[in-house]
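Undergrad: Quick one: this structure, given as C-alpha cells, is what I'll be asking you about.
A short reminder: the numbers here are calculations on the coordinates, not readings from a lab. Bear in mind the structure is a predicted one, so any value in this text is a computation, not a measurement. Here the Cβ positions follow ideal geometry from the backbone for every residue, glycine too, while neighbour counts run over all protein chains shown.
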Amino acid sequence: MILFGASGHGKVAMDSLLAGGIEVKAFFDDDVSKKTLCGKEVVAPYNESVYPDEDVVITIGVNRIREIVANKVKHNFGKIVHPSCMLGSDVTIGEGTVVFHGTIIQHSAMVGKHAIINTGASVDHDCVVGDFVHVSPHATLCGNVKVGKLTHIGAGAVVIPNLTIGKNVTIGAGTVIINDVPDNAVVVGNPGKVIKYNK
C-alpha cells in the first residue's frame, strides 16, 4: 500500500498497516523537500505511474485538504483498520477511510469515504459518519448520530444519541453536544454552543 501524506498521521497509519501484516511500499507527498519517512521513500510530487497497482490511502488530517487530494489521485483507494479495533455486525467502512488503534464501531454504523476514526474513538450503533469526516481521539458518538461531510469532531467530544451534526462543522475538544448542529457551525463548551461559522 502507498500512503499519501508523509507526516505524523502517516506514521500512525503505517503502524496500523504493519500491525495487520501489510507493507507500506512508499509515501506520496506534495512537499518536494521530503525524501524519506520511517525508512520509506517519499515520492514528491504525486506520480500516478509509481506503484500503479498498489492501493493508496490519504494520510492527511485536514479534511478539506484530504478531499482535494482525493480528487486528483488516480490510484485505487484502500482502507486501513487497525487489528485492535472492535467492529460490530453490519458495519460499513468506505474506501480511503482509516480506523486507528482501539476504536469501537458498533452494529449497523456506516462510515463514509476518506474519513478518520482516530485513536480510541467510539461510534455507536446506527451512526452515519459522512465522507471526509475526522472523529478525533477518544471522541464519542452515541447511538444514531448523523455527521455531515467534512466535519471535524474534536478530541474527547461527546455527542448524545439521535442528533444530527451538519456539514463542515467544527466541534471543539471536550465539547458536549446536546442539540442538533447546523452546517458550518463552530461549537465549543459544555453544553456546546455555536460561537461562529466556518466559511
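Undergrad: May I ask you to derive the relative contact order of the chain, considering only C-alpha pairs under 8 Å and at least 6 residues apart, and to give it as an integer percent?
TA: Once divided by the residue count of the chain, the mean separation gives 11 percent.
Undergrad: Can you figure out the FRET efficiency of residue 7 with residue 178, using R₀ = 30 Å and their beta-carbon distance, to the nearest 0.05?
TA: For R0 = 30 Å, the calculated efficiency reads 0.30.
Undergrad: Please state the equivalent ellipsoid semi-axes for region 132-176: what are the square roots of 5 times the Cα gyration tensor eigenvalues, largest first, in whole Å?
TA: Over the Cα atoms of region 132-176, the semi-axes work out to 13, 13, 8 Å.
Undergrad: Mind ranking 151-162, 116-127 by how tightly packed they are, going by the mean number of other C-beta atoms within 10 angstrom, highest first?
TA: 116-127, 151-162
Undergrad: Round to a whole angstrom and tell me the spacing of the C-alpha centers of region 148-188 and region 1-43.
TA: 30 Å
Undergrad: To continue, here is another question. Which pairs, out of 72/149; 72/146; 25/79; 149/196; 25/149, put more than 22 Å between their alpha-carbon atoms?
TA: 72/146; 25/149
Undergrad: Give the whole-number value, in cubic angstrom per residue, of the convex hull volume spanned by the C-alpha atoms of the chain.
TA: Taking only Cα atoms, the chain has a hull volume of 103 Å³ per residue.
Undergrad: Quick one: compute a quarter of the convex hull surface over the Cα atoms of region 116-199 and quote it in nm².
TA: For region 116-199, averaging the hull's shadow over all directions gives 4.2 nm².
Undergrad: So what is the orientation-averaged projected area of region 36-137, using the convex hull of its C-alpha atoms, in nm²?
TA: Averaging across all directions leaves 6.8 nm² for the Cα convex hull.
Undergrad: Something else about it: Would you kindly derive the ³J(HN,Hα) couplings of region 187-196 from the backbone phi angles with the Karplus curve 6.51 cos²θ - 1.76 cosθ + 1.60 (θ = phi - 60°), listing them in order in whole Hz, with x for Gly and Pro?
TA: Each residue of region 187-196 in turn: 10, 9, x, 9, x, x, 10, 6, 10, 5 Hz.
Undergrad: Now a separate question. Taking Rh as the Kirkwood radius computed over C-alpha pairs, what is the Stokes-Einstein D of region 1-94 at 20 °C in a medium of viscosity 1.002 mPa s, expressed in µm² per second?
TA: Reported coefficient: 156 µm²/s.
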